[in-house]
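Asker: Below is a structure I'd like to ask you about.
What follows draws every value from the coordinates through simple rules; no lab data is involved. Model, not experiment: these values are computed from the prediction. For neighbour counting, all protein chains shown are included, and Cβ atoms are generated from backbone atoms with ideal geometry for every residue, glycine included.
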Amino acid sequence: MGKKSRVKTQKSGTGATALVSPKEMMNLISELLQKCSGSAPSTGKEWEEYVQIRALVEKIRKKQKGVSVAFEGSREEHFPELMAWAAECGASCSGFEIAKFGGEGYGLRATRDIKAEELFLWIPRKMLMTVESAKNSILGPLYGQDRILQAMGNVTLALHLLCERADPASPWLPYIKTLPAEYDTPLYFEEEEVRHLLATQAIQDVLSQYKNTARQYAYFYKVLHTHPNASKLPLKDAFTFDDYRWAVSSVMTRQNQIPTEDGSRVTLALIPLWDMCNHTNGLASSTSASSHPRLCSGTRLSQSQGTGPGTLKSLKSNVS
């Protein structure tokens, strides 16, 4: 896995993007932050507030068009590199393969018969992206000074993911390059799609998630451009709303709680390969997380699995 396999490209800005000034962008960001940080809207005004916030976000996205980082090649082209990296790190890589399952997306498919309760996958801790690895990374100095990062592990993981994606030498690139380019989370819904949810119980969560994500983005945009401990982060010149939306969606669909290395508490983690197992109802003890410094987690099947078309399943892992 030489440097060639880690090549990435940063699209250059064109049109309106090339003409936007830092002052103009900061003014928009400040307006967004103020809009998202005000008092809660009165009953019945939530949709109006959402439309206003979204209009500001869309204006920002338009000016940031073409700035986001993209990897060369399709997602599936990087799966062999992921498997090779996992093997080099000491993960168990036999008995399954990465396969596509129609509209369900990618997952792990058995290549041999696997018995119920058989341990078929375990991942060494060094492969994980965790709050702890973020604190020990280039993000560490900012984490030590920022209360939001200290209080919100999911936000820390999102920024950790973006910092490592922007680093050509990151050890996690084989994993990051296999993550979806976009998601089906509400953060990706068009305004009209959200409108269809107005009469449902889900609408408040959808509106709140969008507002909180926009507020976080505006806050960290300002932090990245003003905080001394953020000066060395690789995000200052390429931190778009689309990037943050992608990172937040990656974390919310994949994060798992595991014990810290010393076993004293739990922490949030992104677990390569393990997060490509689908989940199903079954026996209660299908996965385990170890505090052993080498072993992060093991996954056991809740029922026997042959080599047919079904995806491997474990009770507590996330859908890929």
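Asker: Out of residues 5 or more away from VAL266 or on other chains, whose amide H comes under 5 Å of its own, with H placed 1.01 Å from N in the peptide plane?
Answerer: Those lying under 5 Å, H to H, from VAL266 are THR260.
Asker: Can you give the extra length, in nm with one decimal, that the chain gains between SER94 and LYS23 once fully stretched, where that is 0.36 nm per residue apart less the Cα-Cα distance?
Answerer: 20.2 nm
Asker: Provide the FRET efficiency to the nearest 0.05 for the THR43-PHE101 pair, computing r from the beta carbons and using R0 = 41 Å.
Answerer: Values: r = 43 Å, r/R0 = 1.05.
The computed FRET efficiency comes out at 0.40.
Asker: Let me ask another. Any idea what log10 I(q)/I(0) is at q = 0.25 Å⁻¹ for segment 156-221, Debye with uniform C-alpha scatterers and no solvent?
Answerer: Log10 of I(q)/I(0), two decimals: -1.09.
Asker: Short version: ³J(HN,Hα) in whole Hz for each residue of segment 270-275, in order, from phi by Karplus 6.51 cos²θ - 1.76 cosθ + 1.60 (θ = phi - 60°), x for Gly and Pro, what are they?
Answerer: 9, 10, x, 6, 4, 7
Asker: Something else about it: My understanding is that a pair violates if its Cα-Cα distance is over 27 Å; which of LYS35/LYS232; LYS65/LYS232; LYS135/LYS177 do that in this structure?
Answerer: On the way: LYS35/LYS232 29 Å; LYS65/LYS232 24 Å; LYS135/LYS177 22 Å.
The answer is LYS35/LYS232.
Asker: Around LEU82, with a cut-off of 12 angstrom between Cβ atoms, what is the net charge of the other residues, counting Lys and Arg +1 and Asp and Glu -1?
Answerer: Around LEU82, the charge tally is -4.
Asker: Tell me the net charge near ALA269. Cut-off is 10 Å between Cβ atoms, ALA269 excluded, with +1 for each Lys or Arg and -1 for each Asp or Glu.
Answerer: Taking every other residue near ALA269 into account, the sum is 0.
Asker: What are the ³J(HN,Hα) couplings of segment 208-223, residue after residue, when phi is run through the Karplus curve with 6.51, -1.76, 1.60 and θ = phi - 60°? Round to Hz, x for glycine and proline.
Answerer: 5, 4, 5, 4, 5, 5, 5, 5, 4, 4, 4, 4, 6, 4, 5, 4
Asker: Pairs of Cα atoms under 8 Å, at least six residues apart: use those to get the relative contact order of segment 182-277, whole percent. List each step's numbers first, then the result.
Answerer: On the way: 58 pairs, mean separation 19.7, N = 96.
Computed value for segment 182-277: 21 percent relative contact order.
Asker: Which of HIS225, HIS196, HIS78, HIS160 comes first, and how do the rest follow, when ranked by fewest Cβ neighbours within 10 Å?
Answerer: In increasing order of surrounding Cβ atoms, one gets HIS196, HIS225, HIS78, HIS160.
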